[in-house]
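Scroll down for the structure; my scribbles are underneath it.
The values are calculated or read from the model by the stated rules, or taken from the named source; none is laboratory data. Not measured: the values here are computed from a predicted model. In this analysis, Cβ positions are derived from the backbone assuming ideal geometry, glycine residues included, and neighbour counts consider all displayed protein chains. When the accessible area is computed, the model is the full protein with side chains, heavy atoms only, and any ligands, DNA or RNA have been set aside. Shrake-Rupley method; radii C 1.70, N 1.55, O 1.52, S 1.80 Å.
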Amino acid sequence: KQGVCLLDVRVLCFAIVLTFSCGLLFGVAPGLYAARSHTFGSRGSNTAAGSRRIHEVLIAVQVALTVVLLAGAVTLRGAFMHLVGLERGFDRHGVVTVSLSVWGTPEQGDPALAYLSEVLRRVKRLPGVLGAGATEFLPLAPDRGYIGGPVTVSGRPADRNAMLVPILPSYFQAVGGRILAGREFTDQEIQSDAQVVVINEALAHQFGAPAEVIGQQLRFGRSGTGPARTIIGVVQDMVDRKSTRLNSSHI
């Protein structure tokens, strides 16, 4: 599927209900009341005064709702312009994503790596394809199952927990990610299950410049006793500059 903006059904239903409610409140209700007042106009000045009060209240409510709507529109425009100009850390132009699951198939488990590698090789041979990669969590997609935890780099604990994102070679090339230091994974590292990781700049900056963390050992756990993984690259943050992410060669 290609990157698109999907409208929340709940928001759409709320907008429709609110639109009809406002139409009934400021259109039908005053009309019915005016017709009733005209029919029973013999009641005199009391009826006229009551009609004016209701009319004034409706106008005041309408003005108040208009101000709220205008303020919301201005705020929404500012937020939208901020998102348009936001440096995402990846290029969405010309990028197509496809969801693929091998769970419950004969390729589940170890054969899944060979299966996905073959799929990527065939995709790369298609006309017009400049690159292809695979990941478990796409940028901007909700995290469907958190993988990760506290980490240490060369014995120093990170300020926040890190999320582990499995990827295959050429993933950053495919999404237009920018490698700030080091490199991506190689096919040999994937096949041999090499203990290597690529981290984002938010995590790298906790321990120095991107080039300074290349070659350092990263371990899971606050005590730093987990298996060591060598940092081979630092990639530009993708959208969220507050999150710390590890891109692992494991799949």
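When Val151, Val165, Val196, Val175 are checked against the criterion of being open to solvent by less than 40 Å² (accessible area, probe 1.4 Å), under 18 Å from the mean Cα position of the chain (by Cα), among the hydrophobic types (A, V, I, L, M, F, W, C) and over 18 Å from His93 (Cα atoms), Val165 stands alone in meeting it.
Those residues that are at pLDDT below 85 and part of a loop (DSSP other than H, G, I, E, B), I need them from the range 144-159; list them, please. Correct list: Arg144, Gly145, Tyr146, Ile147.
When each of Glu184, Glu189 is tested for being open to solvent by 20 Å² or more (accessible area, probe 1.4 Å), touching a residue at least 40 places away in the same chain (Cβ under 8 Å), within 27 Å of Gly131 (Cβ to Cβ) and part of a helix (DSSP H, G or I), the lone residue that passes is Glu189. Checked against the criterion of being open to solvent by 30 Å² or more (accessible area, probe 1.4 Å), modelled with pLDDT under 85 and not in a loop (DSSP other than H, G, I, E, B), the candidates Ala141, Ala114 yield just one match: Ala114.
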